[in-house]
Structures are given as structure tokens and as C-alpha cells.
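Have a look at the structure below, then the notes.
Derivation of every value follows stated rules applied to the coordinates shown; laboratory data play no part. Given the structure is predicted, the values throughout are model-derived calculations rather than measurements. Positions of Cβ are backbone-derived with ideal geometry, glycine not excepted, and every protein chain shown enters the neighbour counts.
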Amino acid sequence: MALIVLYVIVLVVGAASHVAALFLRGLHPYPWAPQWLNLFWSSLAIFDPLAAALLMCGKRAGVNLTCGIMATDLAANWYAAYGIQHTTLSTQPGLQRLTAFALLVFLTAPFIHSRLRLFTT
């Protein structure tokens with residue numbers, strides 16, 4: 001299914017970004033952000049590929065995890081943009097892309113979820 005492929009590609013790109021940040025700057029890659037936020041973003045180096053792997057295996061848990069990742073990542077990034085950096089959506093192209101993908105996930109997840117297996121047989 002094309003939507004699953006899109007989910008997987010975006011999750012792998014996100015994971016690569018978080019892994020690169022970890023290797024280049026460690027567990028605190030964004031000095032302007034609080035420690036908890038840095039740790040959250042760093043944890044996505046594990047959760048993004050896990051969700052992608054579950055989706056590739058046709059598991060509903062992959063859709064659930066992707067929704068959880070997108071909800072929390074979107075909230076964290078909006079908080080960072082507005083609460084810490086005091087910027088707007090129009091000046092944050094990364095946040096624009098994240099918001100668009102999150103909306104796509106939230107709107108299509110029920111469709112994908114209904115077509116995947118609960119358990120592997």
C-alpha cells in the first residue's frame with residue numbers, strides 16, 4: 001500500500017536525522033532546548049525505525065506507534081517553536097512539513113489500521 005510506503009520513508013528519514021544529531025552532538029543536540037526535550041527527540045532514533053519495521057511487517061502496532069510518535073513529536077516541536085524560540089509556523093519549514101505529515105497520518109491511520117493484521121499468523 002502506497003501510504004504505508006510513504007509512512008516508512010518519512011519515518012526512516014526522521015530516524016536518520018535523529019541518529020545523525022546523536023552522533024554529531026550527543027544526547028543534547030539542541031543547546032537551546034531543555035534536557036527533557038533533547039532526550040525525547042533523541043529517543044526517536046529508536047522509535048521511528050521501530051514503527052517503520054512494524055509497518056513493513058504489516059502490524060497494526062506500527063500504525064499505533066506512528067500515531068503516538070506524530071502526536072508527541074508535533075506537540076514537542078510546536079512547544080519548541082512557540083514556547084521556547086518564540087517563532088511562528090511561517091518561519092519554520094520543518095514544522096510545516098511535520099504538521100502536514102502528522103495530519104496525513106491522523107487522517108489515514110484508521111484506513112491503514114483496518115487493513116493490517118492484529119497478529120502475524
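Here each label is just a point 7 Å from Cα along the line to Cβ, and for GLN96 and HIS113 those points are 3.0 nm apart.
If one puts a single equal scatterer on every Cα of segment 2-114 and applies the Debye formula without solvent, what log₁₀ I(q)/I(0) results at q = 0.12, 0.23 Å⁻¹? For the requested q values the scattering log ratios are -0.42, -1.32. Along the axis of the charge dipole computed for the chain (Cβ charges of +1 for Lys and Arg, -1 for Asp and Glu, origin at the Cα centre), the listed residues LEU89, LEU44, TYR79 are led at the positive end by LEU44. Using C-alpha pairs below 8 Å separated by at least 6 residues, the relative contact order for the chain is 25 percent. Placing +1 on the Cβ of every Lys and Arg and -1 on the Cβ of every Asp and Glu, with no other charges, gives the chain a dipole of roughly 280 debye about its Cα centre.
The label-point distance for GLN35 and ALA16, in a model that sets each label 7 Å from Cα toward Cβ, rounds to 3.2 nm.
Out of LEU65, ALA15, LEU54, whose Cα points farthest toward the positive end of the dipole of the chain (charges: +1 Lys, Arg; -1 Asp, Glu; placed on Cβ)? Positive-most Cα among the choices belongs to LEU54.
All other residues with a Cβ under 14 Å from the Cβ of ALA109 taken together, and with Lys, Arg as +1 and Asp, Glu as -1, what is their net charge?
Summing Lys and Arg as +1 and Asp and Glu as -1 gives +3.
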